[in-house]
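Quick one: the structure is below, questions incoming.
Since every read-out is calculated from the coordinates, none of them should be taken as a lab result. Keep in mind that this is a model prediction, so the values were computed, not measured. Neighbour counts run over all protein chains shown; Cβ positions are idealised from the backbone, glycine included.
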Amino acid sequence: MSQSDTLLIVIRSAPHDGIRLRESLDALLVGAAFGQSVVALFMGQGAFALKTGQSPGAPGQKSTLPMIDMLEMYDIETLYLPEEDATCRGLGADDLVANTRLVDAGEVQGLFRDAGRILTF
């Protein structure tokens, strides 16, 4: 992938923290639908968006887990999560959706370095 072709979307929003998570997932889908190479990096509270077994939030707020499961249909097959962010939130590989890849700090730096454009939510 060339640097100018990759869109890195950094997701720092928890599942029930307003609409930012849903907006970030929409951005992933739009980028992929238009043929861009899209990378999803979940950081901080965004780690909880990858937790299996989520339920809907407040009344009228839908669960985002079905949208996360749908990303694979748009060729977004790997969801990146820093190991440190998972560990400090008590999340292990068994707690996360199947296509989550835990990455170390060096790999996170590589994702930022290789991105042509970065959006943060």
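Quote the relative contact order of the chain in percent (integer), defining contacts as alpha-carbon pairs under 8 Å separated by 6+ residues.
That works out to 38 percent.
Averaging the inverse of every distinct alpha carbon separation and then flipping it gives the Kirkwood radius. What is it for the chain, in angstrom units?
Across the chain, the inverse of the average 1/r is 14.3 Å.
Under the rule of -39500 (n - 2.57) per DSSP H run of 4 or more residues, summed and divided by the residues of the chain, what mean residue ellipticity at 222 nm is obtained, to the nearest 500 deg cm²/dmol?
Taking each H run of at least 4 residues, the total per residue is -8500 deg cm²/dmol.
So, by mean Cβ neighbours within 10 angstrom, what's the order for 91-100, 77-86 with the highest one leading?
The packing order, highest mean first, is 77-86, 91-100.
Could I ask something else about it? What are the ³J(HN,Hα) couplings of region 91-97, residue after residue, when phi is run through the Karplus curve with 6.51, -1.76, 1.60 and θ = phi - 60°? Round to Hz, x for glycine and proline.
Using θ = phi - 60°, the values come out as 9, x, 4, 6, 8, 10, 4 Hz.
I would also like to ask the following. Order these by the 10 Å Cβ neighbour count, fewest first: Ile11, Ile118, Ile76, Ile68.
Lowest to highest Cβ neighbour count: Ile118, Ile76, Ile68, Ile11.
From Cα pairs below 8 angstrom and at least 6 apart in sequence, can you work out the relative contact order of region 75-121, rounded to a whole percent?
41
Rounded to the nearest 5, what % of the DSSP beta bridges within the chain are antiparallel ones?
For the chain, the DSSP antiparallel bridge percentage is about 5.
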